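The next block holds one structure in the form of structure tokens; read it before the comments.
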């Protein structure tokens, strides 16, 4: 849920706030992650392989996948505006989830929304790939048109593979 200005947890929570300037990288794709972040104020951009995936705002979390799954960072998050975040360590993260179920629910809602967006995009790309595959069988197409279709199919396959890489592995 966006707009939660109290931050993770309850009145007893003592945040460790950090301010990032616009264009500062907060987490980088491929690096180990030992902390999650809760955005208090500002906006950040999520990119993977240089491609923009999402914009995050106040009330959003990021970096939690590294804590939950013990994986390297799956994307880069860069401040778009001056950004105030609360840094949540592994110990504090687990404490928050145990003591404050609402934080866990909020996190699940955000993760579910992300997964739904990714699933929709993946389904659209797979549909487009199927259509291109059908068209590429066109025997009356010129070699130039067939080359363009093969290029489009290759780009869609790469994009789908990138999304697949971003999804958590079981």
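Relative to the present Cα-Cα distance, how much length would full extension add between residue 25 and residue 127 at 0.36 nm per residue of separation?
33.3 nm
Please check which bits of region 18-36 a label hung off residue 47 would reach, taking the label as a point 7 Å along Cα-to-C-beta and the cut-off as backbone N under 20 Å.
Of the residues in region 18-36, 20-33 have backbone N under 20 Å from the label point off residue 47.
May I ask you to derive the FRET efficiency for residue 120 and residue 151 from their Cβ-Cβ distance with R0 = 25 Å, giving the value to the nearest 0.05?
After rounding to 0.05, the efficiency reads 0.55.
Compute the relative contact order of region 16-114 as a whole-number percentage, counting only Cα pairs closer than 8 Å that sit 6 or more residues apart in sequence. Walk me through the intermediate numbers first.
Values: 206 pairs, mean separation 37.8, N = 99.
Value for region 16-114: 38 percent.
Roughly how many nanometres apart are two label points built 7 Å out from the Cα toward the Cβ at residue 32 and residue 16?
Here the answer is 1.6 nm between the modelled labels.
How big, on average over all directions, is the shadow cast by the Cα convex hull of region 16-114, in nm²?
If I average the Cα hull's projected area over directions, I get 5.7 nm².
Sticking with the crude label model, points 7 Å out along Cα→Cβ, report the distance from residue 112 to residue 87 in nm, one decimal please.
3.2
Every number in this text was worked out from the coordinates using simple rules, so none of it is lab data. Please read these numbers as outputs of a predicted model, since none were measured by experiment. All Cβ positions, glycine included, derive from the backbone under ideal geometry; neighbour counts span all protein chains shown.
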